[in-house]
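Let me begin by presenting the structure, written as structure tokens, before commenting on it.
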Amino acid sequence: MVILRPEETGLKELLDRILDKGVAIDASVRIDLSSMNLLKTKARIILSSFKTAAEIGLDFPEGTDFDAPGWRDVATIELCPVCGMKSIRENLKKYGCPWCGWNYQPKEG
């Protein structure tokens with residue numbers, strides 16, 4: 001488990017971590033008055049980035065434009081395993097990381 005302290009982490013880093021990992025909240029509320037049920041509700045809330053949501057298999061609303069530039073970025077951007085900087089997946093595997101110099105070497109079978 002990772003513990004983030006306000007003095008060590010800014011709001012941007014905190015939101016990046018939450019959206020990258022995702023947060024799920026499962027809530028159930030029931031209000032009774034003299035054993036008479038007035039209100040009962042259940043909610044499941046998931047807060048995550050679209051990339052994380054797609055990875056865990058959440059369905060998106062009908063009519064979502066997966067050809068939009070933001071969705072193309074999700075499909076083509078990958079983090080360098082060494083420095084964590086974003087790069088285009090094909091370039092990262094073909095040329096290595098432009099930020100730290102890491103070079104992808106596929107295992108030969």
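Observations on the model:
- Which listed residue is within 17 Å of residue 19 (Cα to Cα), modelled with pLDDT of 80 or more and outside the structural domain of residue 25 (by TED's automatic domain parsing), from 96, 84: 84
Let's see how each residue does on (1) aromatic (Phe, Trp, Tyr); (2) under 22 Å from residue 15 (Cα atoms); (3) surrounded by 12 or more Cβ atoms within 10 Å (Cβ to Cβ); (4) in contact (Cβ under 8 Å) with a residue 60 or more places away in the chain:
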residue: 33; (1), (2), (3), (4): no, no, no, no
residue: 37; (1), (2), (3), (4): no, no, no, no
residue: 40; (1), (2), (3), (4): no, no, no, no
residue: 54; (1), (2), (3), (4): no, yes, yes, no
residue: 61; (1), (2), (3), (4): no, no, no, no
residue: 92; (1), (2), (3), (4): no, no, yes, no
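- The set of residues in the range 48-96 being β-branched (Val, Ile, Thr) and out of contact with any Ser or Thr (no Cβ under 6 Å at 6 or more places or on another chain) consists of 52, 56, 64, 74, 76, 77, 82.
- Applying the condition of being in a helix (DSSP H, G or I) and of a type outside the set (A, V, I, L, M, F, W, C) to the range 61-81 and asking which residue is farthest from residue 20 (Cα to Cα) yields 69.
- If you filter the range 11-31 down to residues that are in contact with a strand residue (DSSP E or B) (Cβ under 8 Å, 6 or more places away or on another chain) and loosely packed, with under 10 Cβ neighbours inside 10 Å, you find that the one that is modelled with the lowest pLDDT is 25.
- For the range 15-31, a residue qualifies if it is under 19 Å from the mean Cα position of the chain (by Cα) and without any contact (Cβ under 8 Å) to a residue 12 or more places away in the chain, and the qualifying residues are 15, 16.
The values are calculated or read from the model by the stated rules, or taken from the named source; none is laboratory data. Source: prediction; values computed, not measured. With ideal geometry, Cβ positions are generated from the backbone for all residues, glycine too; neighbour counts draw on all protein chains shown.
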